[in-house]
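Each remark here refers to the structure printed beneath this line.
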Amino acid sequence: MSQIKALRGRALSRELAGACIWIVLGLYFLIFSYQIREPLTLNKFDPGPSLLPKIMGVLLICGGVYAATKTLATRDCKRDDRNSRGSRLLAATVFFYIFLLPVLGFHIATAIFGVFSMVIMSVGPGKSLICTLAIIALIHFVFVNLFAIPLPGFMGS
Amino acid sequence: MIDQLVSLLDAQILIPWILAMTFGIFVGSTPGLTATMAVALIIPLSYPLEREAALAMVIGVSFTAIFAGDIPATFLRIPGTPASAAATLDAHRLATQGKGKQTLLVNLLCSTLGGIIGVFLLMLIAKQLAEFALQFSPYDYFWLCLLGLFLGVTVSSGGRTGLGLLAATVGFAFALVGVDPLTNQSRFVFNYEEMSQGLNFIPAMIGLFGMSEVLKTAIGDSSRTDKQLTSGPFHLVKSLGLMVRHLPTIVQSVFTGTAIGALPGAGADIAAWGAYGVAEKTTSNPTPAFGKGNWKGVIAPTSANNAAVAAAWIPALVFGIPGDAVTAIVLGAFIVYDITPGPALFESGNADLIFSIALMTQVLLIPAGLIGISVFSQVARLPKGVVLTAVVIFSVVGSFAMNSSIVDVWVMFAFGVFGLILERQHVPLAPLILGMILGPKIEEYLRKGLIISSGNFTEAFASGISIILSSLLVLIVFASLLRAFSSYQGK
């Protein structure tokens, strides 16, 4: 029983956090819209470049407040029991991959990421290495050889 | 038109075109990869090519990926794209009876026929609509875009209109980042030069659809492979016979798909379900029952979804309002190739080029589809971990290749994580794109209207078109509120 309560509490917190996303985004657009300078040559009938950001900011705040109030009032929250550990781990891996990309270059960074990513998704190390090398070769051929599109080089070269 | 068709038979156009369509088959037939992502990923590859070849690649992929989504839907009961969800019912049931390949052949032929009729309808209707669109004032466009946005949000939110509206608002707000087109004033740039062009749309799309899907799917054991792939022989004569026998269903579904696809925001997935529903309602005593392996259940959605892809271009080409996420990205690509949607498109001859490519794509779909069914369905049997990793690498490289900018890769990643968070909150993602696409247009037309009318907003209700469009908007808002209220009362 207490476990169900804890789960419901966690789901409720998640719903409230979701509502907060709208409020934070709304505040961001509203506050920084005041930093947009009105040009001196502005047509007097043009409401200017800051009007819509202000409206969007206010709408997001109102929407977020409404969503939060509704969640609190009804205690209505959809339980999401999915394990997000895999998502978080992969997101962190991708983050480091993108971080390493301009430093190590496409080929080395992708080789490290590819093998690591496949291994954490339960693919055998040998198979991971072969598949990663195949993907790198395919991308190199398509982007560099076929279409002459540069890929990130070692140390930004 | 004939000249355009002949000019497309150049090896420099045909080779990348067929390769792109094969790529579309690969992406569309891979569960988790969407038609939207296929189009987003092909754009960077099309950059170095001649305009005709580049357009052929982009348009080719947009049609191919929708058909290809039916391959895993038939074999594995996993829709490759949302538009293939309806195919998981009867098509999969037929596949389990050992008719997998024949089902997909019927599917391919119906997709082709549906696409051809859809493109012809597009050619017939679009020109007339374009001439009508010349009479539109900025305020008329403002109402049309607002109506398109609201309609799109209502349809694509799956009953979560409130959350859909919030997502559209966020998309609208994101689209405001960068230089204001009317005054050249920077907004939310913070002296960061790379942001002055705004958030790049393509990396945002790849992140929102591709990366978020990968992050969402990377849960649990990813080492398994699906080996229940059922295969039987192709029966060309039998398949053609089935098509002839069900011609009324094909025509009915194409018209249903066209009508739904032409509505901004509706898209191929709703068209497929709509056609399936119409086919079910108009068939008395179906044997076998729908959902139990009825051929009409295969033919109706597949004819409709390709027709809907063509129809989604009616508002996109005429008004610049994308009917769905795929068209939104294709529209973005058109702008890159200096093709501006709107009435002027029909004067410049670009419309003929687009129609020719769309028509030819339907014909090329048959060989590409046959290769796809035979070869690329094997991709669905690869370990999930390999497929997901490949998607991440393609997403990263695809985003980087746009401008050779690592900032675009970070934008893609940020949108991927943001998309995942939104999906966890049960927020529909499609309205966010609609907001990003239509937001700047709404702002531009509103401000232009205000400038032309000397700040008098009552002018926004002066023309007949404005009155009709604003009344429709009010009606839709009212209907949504009424539905929300009645469902609240029901609880």
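The values are calculated or read from the model by the stated rules, or taken from the named source; none is laboratory data. The structure displayed is predicted, hence computed values, not measured ones. Note: ideal-geometry Cβ built from the backbone for every residue, glycine included; neighbour counts use all protein chains shown. These area figures cover heavy atoms from the full protein model, side chains too; ligands, DNA and RNA do not enter into them. Shrake-Rupley method; radii C 1.70, N 1.55, O 1.52, S 1.80 Å.
In table form, for the structure just shown:
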quantity	calculated
Selected residue (criterion: nearest to B:Val411 (Cα to Cα)) from residues of segment B:180-206 that are in contact with a strand residue (DSSP E or B) (Cβ under 9 Å, 6 or more places away or on another chain) and free of Cβ contacts under 8 Å to residues at least 12 places away in the same chain	B:Arg187
Checking A:Leu16 against (1) at pLDDT below 90; (2) in contact with a strand residue (DSSP E or B) (Cβ under 8 Å, 6 or more places away or on another chain), the condition it does not meet	(2)
Exclusive hit being farther than 30 Å from A:Ala73 by Cα, more than 14 Å from chain A (Cβ to nearest Cβ) and surrounded by fewer than 16 Cβ atoms within 10 Å (Cβ to Cβ), set B:Ala479, B:Ala462	B:Ala462
Single unsatisfied condition, A:Ile31 versus (1) modelled with pLDDT of 80 or more; (2) within 19 Å of B:Ile421 (Cα to Cα)	(2)
Which numbered condition A:Gly64 misses (of (1) more than 19 Å from B:Ser186 (Cα to Cα); (2) over 19 Å from the mean Cα position of the chain (by Cα); (3) open to solvent by 40 Å² or more (accessible area, probe 1.4 Å); (4) not polar (S, T, N, Q))	(3)
Search result, residues across segment B:244-275 that are at pLDDT 80 or above, open to solvent by 20 Å² or more (accessible area, probe 1.4 Å) and outside any loop (DSSP other than H, G, I, E, B)	B:Val244, B:Arg245, B:Leu247, B:Pro248, B:Val251, B:Gln252, B:Phe255, B:Thr256
Number of positions in segment B:289-301 that are part of a loop (DSSP other than H, G, I, E, B) and touching a residue at least 12 places away in the same chain (Cβ under 8 Å)	5
Meets criteria (of a type outside the set (D, E, K, R), touching a Leu at 6+ places or on another chain (Cβ under 8 Å), at the interface with chain A (Cβ under 10 Å from one of its Cβ atoms) and buried (at least 24 other Cβ atoms within 10 Å of the Cβ)) for B:Val409	yes
Failed item in (1) open to solvent by 70 Å² or more (accessible area, probe 1.4 Å); (2) within 28 Å of B:Gly332 (Cα to Cα); (3) under 27 Å from the mean Cα position of the chain (by Cα), with B:Leu469 passing the rest	(1)
Criterion: open to solvent by 10 Å² or more (accessible area, probe 1.4 Å), more than 9 Å from chain A (Cβ to nearest Cβ) and assigned to a helix (DSSP H, G or I) - qualifying residue of B:Leu450, B:Leu434, B:Leu446, B:Leu388	B:Leu434
Boolean, B:Gly419 is under 24 Å from B:Gly171 (Cβ atoms), open to solvent by less than 50 Å² (accessible area, probe 1.4 Å) and in contact with a helix residue (DSSP H, G or I) (Cβ under 8 Å, 6 or more places away or on another chain)	yes
Residue in segment B:421-431 that is farthest from the other protein chains (Cβ to nearest Cβ), counting only those that are closer than 13 Å to B:Met205 by Cα and of a type outside the set (Gly, Ala, Ser)	B:Leu429
Within segment B:176-221, considering residues that are facing chain A (nearest Cβ under 9 Å) and among the polar types (S, T, N, Q), the one most open to solvent (accessible area, probe 1.4 Å)	B:Asn184
Some residue of segment B:456-464 being without any contact (Cβ under 8 Å) to a residue 40 or more places away in the chain and not in a helix (DSSP H, G or I)	yes
Unique match (being facing chain B (nearest Cβ under 7 Å) and at positive phi) among A:Ser117, A:Ser87, A:Ser122	A:Ser122
Near pairs, Cβ below 7 angstrom, 6+ apart or cross-chain, from segment A:16-40 (closer than 14 Å to A:Gly64 by Cα and at the interface with chain B (Cβ under 8 Å from one of its Cβ atoms)) to any residue that is open to solvent by 20 Å² or more (accessible area, probe 1.4 Å) and not hydrophobic (A, V, I, L, M, F, W, C)	A:Gly18/B:Gln425
